[in-house]
Amino acid sequence: MKIDVLDNFHRLLHPRATVFVISSWNDKPNMMTCAWNMPVSKDPPMVAIALSRESYTNELIRKSGEFTINIPDEKLLNALWVCGTRSGRKVDKAKLAGLKLSPSRKVKPPIVEDCIGHLECKLYKFFEVGECTVFIGEVLEAYASKEAFSQGVWNVKRIRLPMHLGGDRFAIPTEVVKPQKRRS
């Protein structure tokens, strides 16, 4: 038997990688937690993030045309929660969450130093969808911790990536599995 879950349809697509998105204006950075993110093109390298139209980060990306995406490990789970439940209009979320920001390589918004991966993006295009704005960013730089990312994938045996399930619940993948190959 299947149940109706239309009110939570988006959570059928979870768990999802949970990241920090940082934007800035007038040298004042703001960050937020974001689970609605995905690659949308390899050539050229492009990513998409969906942010509430009301968010301060949305406003700053529109003004600056740049943002960073920062991939945390489980050690930053509490900081993810803090940055996803406060408004940057009212508080310095990096300070409140105990995060150290460092200069990025090619864009003005900084990176979260303690994260294990980073994407630096220039705004390519955006469009409105429902209550959200979808931002497409051209990836100008992408770099990750050598021990966390190798052979083109995260090493989930060494690091623990928080994946958002919904609300205040997260999952941590710890096993790599492959499909069994069938003989034709």
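The values are calculated or read from the model by the stated rules, or taken from the named source; none is laboratory data. Small disclaimer: the values here were computed from a predicted structure and weren't measured. No Cβ is skipped: glycine too gets one built from the backbone with ideal geometry, and neighbour counts run over all protein chains shown. The accessibility values were calculated without ligands, DNA or RNA, using every heavy atom of the protein model including side chains. Shrake-Rupley method; radii C 1.70, N 1.55, O 1.52, S 1.80 Å.
Remarks
- Of residues in segment 69-84 being in a strand (DSSP E or B) and of a type outside the set (S, T, N, Q), the one most open to solvent (accessible area, probe 1.4 Å): Ile71
- Taken together, Pro103, Pro45, Pro109 contain a single residue that is more than 27 Å from Ile172 (Cα to Cα), out of contact with any Leu (no Cβ under 6 Å at 6 or more places or on another chain) and touching a residue at least 24 places away in the same chain (Cβ under 8 Å), which is Pro109.
- Per the listing Val156, Val91, Val177, the residue uniquely in a loop (DSSP other than H, G, I, E, B), aliphatic (A, V, I, L, M) and open to solvent by 90 Å² or more (accessible area, probe 1.4 Å) is Val177.
- Against the list (1) in contact with a His (Cβ under 6 Å, 6 or more places away or on another chain); (2) over 21 Å from Ile172 (Cα atoms), the condition Arg89 fails is (1).
- Within segment 108-125, the set of residues being open to solvent by 90 Å² or more (accessible area, probe 1.4 Å) and hydrophobic (A, V, I, L, M, F, W, C) is empty.
- Test: residue in segment 108-117 that is at pLDDT 95 or above, assigned to a strand (DSSP E or B), farther than 27 Å from Lys157 by Cα and not small (Gly, Ala, Ser): no
- From the list Arg11, Arg62, the lone residue that is of a type in the set (D, E, K, R), out of contact with any Lys or Arg (no Cβ under 9 Å at 6 or more places or on another chain) and over 21 Å from Lys106 (Cβ atoms) is Arg11.
- Here the strands (runs of 3 or more DSSP E) wholly within segment 1-68 that include at least 2 residues being loosely packed, with under 14 Cβ neighbours inside 10 Å are 37-41.
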